[in-house]
Amino acid sequence: MLTRILHAVRDARTVLTIFVVLLLIVGACPSQAEDAGKNPRVSVDNLRKLAEQGDVSAQLRLGGIYLTGKGAERDFKEAARWYRKAADQGTAEAQTALGVLYLGGWGVQKDIKEARKWFEKAASKGESGAQYNLGTLYLQGQGVTLDYEKAMAYFRQAAEQGHPMAQFNLAGGYYQGRGVPKNLEEALKWCRKAAEGGDIQAQFRLGMMYLEGEGGPKDFQEAEKWLRKAADKGLEPAKKTLEELKKK
């Protein structure tokens with residue numbers, strides 16, 4: 001039932017994840033959005049002065065402003081410029097962001113090797129987004145030799161920090177026995193963690209595992225609970241599964 005988990009992170013989902021990661025970086029600086037909303041021009045001007053003096057927090061915030069277009073016109077080149085300055089000072093969040101921009105070719109020439117370099121720098125500092133992105137590169141063989149063991153090792157690092165999509169992909173590794181020994185109990189455990197973290201695909205898959213008794217005894221109540229959560233978010237397979245269950 002979870003045979004497609006390891007392939008769930010296709011290019012389209014990777015792009016979506018990239019923006020999620022970056023928006024989370026911006027979200028880590030809530031005052032940025034507040035300042036921009038009250039007086040965007042003053043906020044950006046003040047931040048720029050600080051950033052030009054080497055203030056890494058201001059550089060990180062400016063990168064987020066130009067990335068999202070909140071407080072200034074969206075400009076990926078400017079976003080890359082300020083993230084690079086913060087990244088050069090060793091800020092893990094900026095290193096992850098810069099890696100993501102290289103991966104997508106936003107504001108910089110697309111360069112997967114350069115993306116990997118910045119992800120590795122950030123991952124070595126424990127940044128879960130970078131660890132997840134490295135896992136994805138090795139899972140897909142994107143700019144690196146495909147290596148399930150390395151992919152799962154990076155996913156585990158991010159998963160242990162509570163990264164839902166990394167938890168979901170680690171669950172897939174245990175389900176299929178790719179990169180880690182096959183273990184349905186571990187697959188269920190990590191799938192549940194991802195589902196509890198709000199990952200819609202994990203919620204659906206968890207419901208199906210409980211429905212079919214994979215990794216533990218069948219539990220129709222838990223199955224319906226998680227399928228309902230995914231269905232309420234608009235996931236069609238979850239809706240269809242619930243409809244089928246009603247007919248039985």
With label points built 7 Å along Cα→Cβ from the Cα atoms of D232 and K70, find their separation and express it in nm.
-> 2.5
Go through L206, Q157, A194 and say which Cα lies farthest out towards the positive end of the charge dipole of the range 147-248; charges sit on Cβ, +1 for Lys and Arg, -1 for Asp and Glu.
-> L206
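If the chain between K49 and L146 were fully stretched, how many nm would it gain, using 0.36 nm times the residue separation less the Cα-Cα distance?
Here the answer is 30.5 nm.
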Which value results when the Cα radius of gyration for the range 40-165 is divided by 2.2 N^0.38 Å?
-> 1.10
Under a straight-distance cross-link criterion of Cα-Cα below 20 Å, which lysines are reachable from K125, leaving out those fewer than 8 residues away in the same chain?
-> K85, K113, K117, K150
Hey, can you rank 205-212, 229-236 by average C-beta count inside 10 Å, highest first?
-> 205-212, 229-236
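Can you give me the orientation-averaged projected area of the convex hull built on the Cα atoms of the range 147-248, in nm²?
6.0
All of the numbers you see were taken from the coordinates with simple rules; none came from a lab. Please read these numbers as outputs of a predicted model, since none were measured by experiment. Backbone-built Cβ (ideal geometry, glycine too); neighbour counts: all protein chains shown.
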